[in-house]
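Each reported figure results from applying straightforward, stated rules to the coordinates on display, with no laboratory input. Since we're looking at a predicted model, the values are computed, not measured. Because the Cβ atoms are built from the backbone with ideal geometry, glycine has one as well, and the counts that use them run over all protein chains shown.
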Amino acid sequence: MTDPQCVFCQIATGQIPVDPVFQNEEFLAFRDINPQAPVHVLVIPKAHYPTLMEVNDPQVLGRALRVVQETVTLLGIDREGFRTVINCRANGGQTVFHLHIHVLGGRHMQWPPG
Ligand code: AMP
Ligand code: ZN
C-alpha cells in the first residue's frame with residue numbers, strides 16, 4: 001500500500017518531514033509547497049492510491065472529506081468557506097500520482113477554474 005518512489009508516500013511515512021496540520025491513522029493534512037491561496041493544504045490518505053479512480057471503497061472518500069471538515073475547522077476557515085479540488089489524471093492536471101484533496105481558502109475563489 002506504499003510506493004517507495006512516491007513523494008506523498010515518503011511524506012506519509014515520515015521520510016520527508018512535514019509539519020502536519022492534522023493527522024490520524026489513515027490521513028495526513030499538510031501545507032502545499034507551492035501555495036495557490038493564502039491557505040493551501042493537501043489531505044492525503046497514508047495508503048497509496050495513484051488517482052481517485054483507484055479508490056474502490058467509497059467509505060475512504062467519506063472519511064477523507066470528514067478529515068477536510070476537521071482540517072478547515074482547525075485552520076479557522078470553516079465559516080468563511082474554502083474550495084476542495086481533486087485533480088485526476090492528465091486532463092485534470094494531476095502531477096503527483098498519490099490521491100490528494102486540495103483545500104484552498106483565505107481568499108474568494110473564482111469560477112470557472114482554468
Ligand atoms: P496536483 O497537480 O493536483 O497533482 O497537485 C500536486 C500538488 O502537490 C501541487 O500543488 C504541488 O505544489 C504539491 N507538492 C508537490 N510536492 C510537494 C511536497 N514535497 N510538499 C508539499 N506539497 C507538494
Ligand atoms: Zn504514494
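Histogrammed with a bin width of 10 Å, the alpha carbon distances of segment 7-105 distribute as 15, 53, 30, 1 percent, first bin at zero.
Over all other residues within a Cβ to Cβ distance under 15 Å of L74, the charged ones net out to -1, with Lys and Arg as +1 and Asp and Glu as -1. Legend note: in the chain, cysteines whose Cβ sits 4.7 Å or more from every other cysteine Cβ are C88. Sorted on the mean count of surrounding Cβ atoms within 10 Å across their residues, most packed first, peptides 60-73, 96-109 read 96-109, 60-73. Between N24 and V7, full extension at 0.36 nm per residue minus the direct alpha carbon distance yields a gain of 4.2 nm. May I ask you to derive the relative contact order of the chain, considering only C-alpha pairs under 8 Å and at least 6 residues apart, and to give it as an integer percent? Worked out over the chain, it gives 29 percent.
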